[in-house]
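The values are calculated or read from the model by the stated rules, or taken from the named source; none is laboratory data. Owing to the predicted nature of the structure, the values given are computational and were not obtained by experimental measurement. A quick note on method: Cβ atoms are made from the backbone with ideal geometry, for glycine too, and the neighbour counts reach across all protein chains shown.
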Amino acid sequence: MRQPRLRPARTPSSASARVALCTALLLLGGAGVTHAQAAPVTHADSAVVVPDSAAARYVGREVTVEGTVARVKPSRHQRTIFLNFGADYPNHTFSVWVPDSAAARLGGVPALAALAGRRVRATGTVWLQDGKWPAITVADPGRLVVVP
C-alpha cells in the first residue's frame, strides 16, 4: 500500500505578503508617515555604477555611468546638449543627452560646458543612440554629478 505524500504547510508567497503590507499601509494612511518625514530614496542609491566603456552592456537597465567628459556640444537641430565621454563624436564611448527643456535646471550651456575634462556620473536608463552608442537622457539635476 502506498504512503500518502506529505506536503508542507502553505505559507504566503513574498509577493502576496508585499501586496498585503502595501494594502495595510494604504488603509492606515501610511501609519502617520508623511512624505516630509520619510527618508528620500533616489534612483542613484539603488543603481549599479559602471564605467562609460561598459555602458553598452546595460542597455534597457537603470545604472549610474561614470567617466570623463571629452566634449560638450549643443545641438540646435536635435534640441539637446550632448556630453560625450571618452572621446569626441564619433569615437566616444558613451553620451549623456540633456534636452534643452532641462538645460536651465542643470545650469545651462555654460555650466554643462564646464564639465569637459571632469569625471562625471550620470544615472538613468541606458539606450542606444543611432543603434550604436550607449546613452542616457538626463533631465533631473540629481542624476548628473561631478565626481570629486
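In region 91-142, counting only strands (runs of 3 or more DSSP E) that sit wholly within it, the ones holding 1 or more residues that are more than 18 Å from Thr68 (Cβ to Cβ) and touching a Gly at 6+ places or on another chain (Cβ under 9 Å) span 119-125, 127-129, 133-137. Here region 63-80 is the region considered, the condition is being under 20 Å from Asp140 (Cβ atoms) and at pLDDT 95 or above, and the residue that is surrounded by the most Cβ atoms within 10 Å (Cβ to Cβ) is Val65. Pairing each residue of region 123-138 that is without any contact (Cβ under 8 Å) to a residue 40 or more places away in the chain with any residue that is polar (S, T, N, Q), provided the two are 6+ apart or on different chains, yields C-beta distances under 7 Å for Gln129/Ser95. Filter region 55-82 down to the residues that are in a strand (DSSP E or B) and small (Gly, Ala, Ser), then identify the one that is farthest from Arg119 (Cα to Cα). Out of the qualifying residues, it is Ser75. Asp88 meets the conditions (1) in a loop (DSSP other than H, G, I, E, B); (2) buried (at least 20 other Cβ atoms within 10 Å of the Cβ) in every case but one. The failed one is (2).
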